[in-house]
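Inspection log for the structure reproduced underneath, given as structure tokens.
Values quoted throughout were computed directly from the atomic coordinates according to the rules given, and no laboratory measurement underlies them. Keep in mind it's a predicted model, so treat the numbers as computed, not measured. Virtual Cβ from ideal backbone geometry, glycine too; neighbours counted across all protein chains shown.
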Amino acid sequence: MIQKIKQLKISSYKNIVVLTGAGISVASGLRTYRGPNGMWEEGDTARVSHVDILLTEPELVWKFFGPLKQQILSSQPNPAHMALAKLEEKLSDDQKLTLVTQNIDGLHTRAGNLDVLEMHGSLMRTRCSNNECKLKSFADETVYTVKPSCPECGNMLRPDIVFFGEEIPLDALWRIKMALRSVDLFIAIGTSGTVSPAAGFVSSAKYVGASTILVNLEDMDPPNSAFDEEILGRAEETLPQLLTCN
């Protein structure tokens with residue numbers, strides 16, 4: 001039986017910030033990183049997600065991310081993604097939604113959200129590993145099984161994601177910081193909320209007086225007092241109820 005969720009009065013808020021993690025994509029058939037059956041339980045995941053391995057053993061990186069990319073291409077946005085897309089569509093001219101995701105699956109964009117801040121990049125984009133190359137990051141659905149080469153400079157192409165050992169793009173962090181200065185509703189969905197810098201977003205929102213909500217399958221451990229409310233349940237079931245515009 002689906003839990004009855006109290007609908008938010010969205011019209012009461014002007015600046016909404018939503019942070020999503022891997023939990024929002026579970027209903028699309030994608031695995032989370034942490035928790036039961038999480039990808040981090042597999043020994044190679046952390047290793048191939050580090051920039052050092054990208055530079056020294058790129059074939060191993062593409063061998064790992066190729067099947068993951070295929071899984072993403074075979075998946076579809078679920079009702080949780082669609083609820084956020086509908087929210088953005090129905091906001092009035094004086095309301096703003098800043099959608100920040102830790103995910104690299106691109107499902108928010110496929111659902112219809114127009115402005116998504118992808119903190120960790122997207123596996124649906126590829127770029128040259130040579131930062132001096134003129135080739136810009138491009139949408140790419142090719143599932144590579146061997147190391148691809150840049151058509152411009154001949155260096156290796158790489159997934160346009162943020163590997164461990166790399167910095168989150170400064171422009172994304174700046175836009176998030178600006179959004180959190182005036183946020184009046186902050187919602188975190190499907191994320192453990194323990195990894196920096198995203199772990200500090202709710203505290204920043206709380207500091208400026210925003211209402212703060214966590215939507216997650218399990219309780220936070222340890223709890224975070226910066227959240228006013230915790231809604232437990234599957235995101236694809238709770239969000240369509242929570243975010244119906246009124």
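Values computed for the structure shown
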quantity	calculated
Net charge of neighbours whose Cβ lies under 12 Å from the Cβ of residue 88, counting Lys and Arg as +1 and Asp and Glu as -1	+1
Gained length - residue 232 relative to residue 9, 0.36 nm times residue gap less alpha-carbon distance	78.4 nm
Difference of contour (0.36 nm per residue) and Cα-Cα distance, residue 155 to residue 60	32.5 nm
Highest-first arrangement of 229-239, 14-24, where packing means the average Cβ count within 10 Å	14-24, 229-239
Cβ charges +1 (Lys, Arg) and -1 (Asp, Glu), total dipole of the stretch 162-215, debye	200
Dipole of the chain, positive end: most advanced residue of 117, 58, 182 [Cβ charges, Cα centre]	182
Separation of alpha-carbon centers, the stretch 121-137 and the stretch 45-104, rounded to whole Å	16
Over the stretch 32-180: Rg over Rh, Cα atoms, Kirkwood Rh	0.98
Simple spin-label estimate for residue 46 and residue 221 in nanometres, 7 Å along Cα-Cβ	1.8
Given charges at Cβ of Lys, Arg, Asp, Glu: the chain dipole, positive-most of 243, 214, 130	243
By average C-beta atoms within 10 angstrom, highest first, the peptides 63-74, 166-177	63-74, 166-177
From phi via Karplus (6.51, -1.76, 1.60), per-residue ³J(HN,Hα) for the stretch 171-180 in Hz, x at Gly/Pro	5, 5, 5, 5, 5, 5, 4, 5, 5, 6
Using alpha-carbon coordinates, inclination of helix 79-90 to the longest axis of the chain, degrees	70
Unit charges on C-beta of K, R, D, E only; dipole of the stretch 16-169, Debye	260
